[in-house]
Amino acid sequence: MIKKISIALVFSFLSVVSVAQVARERVEDAPIDRNPSQVVKGEYAELDAYIREAFKNYGIAGMTVAIVKDQQIVFQNAYGLKNKETNTPMDVNAVFGIASLSKAFTAAAIGMLVDEGKLKWDDKVVDILPSFKLYDDYATQNFTVEDLLAHRSGYNTFDGDLLWYGTDYSRAEIMSRISKLPNKTSFRKEYGYNNIMFIVAGEVVAKVSGMSWDKFIETRFFGPLQMTTSKTSTNQFTKADNLAIPHVKGTASLFLNYDNSGGAAALNSSVMDLSNWLKMWINNGIFNGDTLLKSKTVRHILSLQTPQSVSSFEESNGIHFKGYGLGWFLFDYQGKKVAHHGGGLPGFISKIGFVPEENLGFVILTNDESSLPAALMYKILDEFLETKDAKDWADLYLGFSKRYEERLEKERLEKIEARNKKLKPSLNLEQYAGTYEDKMYGKAIVTFEKKSLKLTLVPAKQLFNSEMLPWEGDVFQIKFKDGFLPEGYVKFDVKEGMVKGFTIDLPNPDFHFYHLNFLKVK
């Protein structure tokens, strides 16, 4: 998921543009070791200084950065803290949740099965997984393995994500429930980022290979690539010796279990491990002399499958194309093809990318919320592609982020000002209590105790529960435990003195609560 944070709008607006050029001061080379943190004294001292200054300005908890050039790690460093509460320094071997960086692993797993003759890119998903079903019958019958990896399902970006986020639904149940959600555009018509399809792709890997997606990734990639710190599950991750603690707005956050996100977002890794992953891609599927993916499969995965429109702003910064391949975003920069992907979960934001022609790759992992990884991607590109007249994108991204937060706060205050406090609930509070159900998402329970109401969305009861405060008439204010989400509002549908159901107004770019329509069933 490239997703899952309020700052996502900034990411999407600035996803493919140029970055700041800060002149490099070339000094005597110095070897880079695996110490927890270090002062870079070699030719990249100026780059390190830029990153340090940007890190300070963004005020996030911690970050690690690694750069691969010509099959060597030429830059690695750690900044800040793994855990602000314990003041534990960050180090380059720290393990982070990498969220949607997992998608390229799923695409590579499918590619490996294609190489072995066990799959074809145009195999129908329903022929492999007979239980696969979408709202649209034509899409169900014609959806191919390749379609799963290309973000062209007919769903809008992030549709259906509430099915896996914080819920106890299995991957199979998530796949079943998505059939209740109508698609918004025609199948294969346009780009729409969808995590559920990558969960399904992981289930395809499991069915065809005879082992779970998790086991396949561990044995076919983590092992051969010597990714010794990487994990495929939250349970493994939280038991790791060297984990980066997630922070939301600078405060240590609770771990959520994302194992059900599987092929979309379940992996955990370090910049050192992911450097080996990058080496394989840069070297056309080969690592340390061993071929993991055939070169034609690498080319296919990195070919444009689903185009995205290029804005005039992007054109002014030299962008001519952008879109999605299979598990990788693609665009051109300074005349070079760039493959990249971002990842976002509560407390973890990341960016990975590479430029095949330049034998260049980079990975940036953070344990806090910010747009810094995206900004540093362009700084690194400028540093190695020697961009002329580039802007200071770390500063620009920070400005966009601050203005976005200011706009959200302005909207929040406007909602407060527009509130009619004199308009009271039309019913006694206990009359709103009961069991409700949305046909896609599942059950919700409204309870009345101690003279107040409480809402619990049952599939994610540990995360999505809140006291309900009377706001205006039959509208009640809620605040879920997720630090990424703002206050929301539950609007009850009351007719002839009876509660029929409710909807949730919780504006955010990541989770589509507006899709949910809970009807009272008890």
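Worth a mention:
- Scanning region 156-180 for residues that are in a loop (DSSP other than H, G, I, E, B) and more than 17 Å from the chain's Cα centre (by Cα) gives D168, Y169, S170.
- Residues of region 322-334 include at least one that is part of a loop (DSSP other than H, G, I, E, B) and either in contact with a Lys or Arg (Cβ under 6 Å, 6 or more places away or on another chain) or among the aromatic types (F, W, Y) (or both).
- Residue list for region 144-186, filter: within 12 Å of S261 (Cα to Cα) and among the basic types (K, R): R171
- Residue in region 463-475 that is over 22 Å from D161 (Cα atoms), aliphatic (A, V, I, L, M), touching a Leu at 6+ places or on another chain (Cβ under 8 Å) and without any contact (Cβ under 8 Å) to a residue 40 or more places away in the chain present: yes
- In region 465-478, the residues that are of a type in the set (D, E, K, R), closer than 17 Å to A433 by Cβ and surrounded by 16 or more Cβ atoms within 10 Å (Cβ to Cβ): D474
- Members of region 343-394 that are hydroxyl-bearing (S, T, Y) and over 30 Å from D161 (Cα atoms): T387
- Among residues of region 301-315 that are closer than 28 Å to D115 by Cα and modelled with pLDDT of 95 or more, those with a Cβ under 6 angstrom from a residue that is charged (D, E, K, R) and surrounded by 11 or more Cβ atoms within 10 Å (Cβ to Cβ), sequence gap 6+ or separate chain, pair up as T306/R152.
- Just one of the numbered conditions (1) out of contact with any strand residue (DSSP E or B) (no Cβ under 8 Å at 6 or more places or on another chain); (2) closer than 30 Å to L274 by Cα; (3) buried (at least 20 other Cβ atoms within 10 Å of the Cβ) is not true of L181: (2).
- Total residues in region 39-93, condition out of contact with any strand residue (DSSP E or B) (no Cβ under 8 Å at 6 or more places or on another chain) and either on the phi < 0 side of the Ramachandran plot or not in a loop (DSSP other than H, G, I, E, B) (or both): 16
- Considering residues of region 143-169 that are touching a residue at least 60 places away in the same chain (Cβ under 8 Å) and among the hydrophobic types (A, V, I, L, M, F, W, C) only, the residue surrounded by the fewest Cβ atoms within 10 Å (Cβ to Cβ): A150
- Scanning region 479-496 for residues that are modelled with pLDDT of 95 or more and more than 19 Å from V248 (Cα to Cα), we see that the one that is surrounded by the fewest Cβ atoms within 10 Å (Cβ to Cβ) is K495.
- Options K124, K103, K69, K82: the member that is in contact with a Phe, Trp or Tyr (Cβ under 8 Å, 6 or more places away or on another chain) and crowded, with 18+ Cβ neighbours inside 10 Å: K103
- Test result for N183, assigned by TED's automatic domain parsing to the domain that holds E116, over 20 Å from H341 (Cα atoms), at pLDDT below 95 and not in a loop (DSSP other than H, G, I, E, B): no
- Extreme residue, farthest from the chain's Cα centre (by Cα), among residues of region 308-321 that are surrounded by 14 or more Cβ atoms within 10 Å (Cβ to Cβ) and outside any loop (DSSP other than H, G, I, E, B): E314
- Meeting the requirement of 3 or more residues that are touching a residue at least 40 places away in the same chain (Cβ under 8 Å) and either out of contact with any Gly (no Cβ under 6 Å at 6 or more places or on another chain) or crowded, with 19+ Cβ neighbours inside 10 Å (or both), the helices (runs of 4 or more DSSP H) wholly within region 206-270 are 213-217, 262-265.
- Taking the conditions (1) closer than 30 Å to Q477 by Cα; (2) assigned to a loop (DSSP other than H, G, I, E, B) in turn, K391 satisfies each one other than (1).
- Within region 374-432, the only residue that satisfies the criterion of being β-branched (V, I, T) and over 30 Å from H340 (Cβ atoms) is I416.
- Checking V114, V92 one by one, the residue that is buried (at least 20 other Cβ atoms within 10 Å of the Cβ), in contact with a Ser or Thr (Cβ under 8 Å, 6 or more places away or on another chain), farther than 30 Å from S253 by Cα and of a type outside the set (G, A, S) is V114 and no other.
- Test: residue in region 351-366 that is closer than 20 Å to G483 by Cβ and in contact (Cβ under 8 Å) with a residue 40 or more places away in the chain: yes
The values are calculated or read from the model by the stated rules, or taken from the named source; none is laboratory data. Note that the structure is predicted; figures quoted are calculated from it, not measured. Positions of Cβ are backbone-derived with ideal geometry, glycine not excepted, and every protein chain shown enters the neighbour counts.
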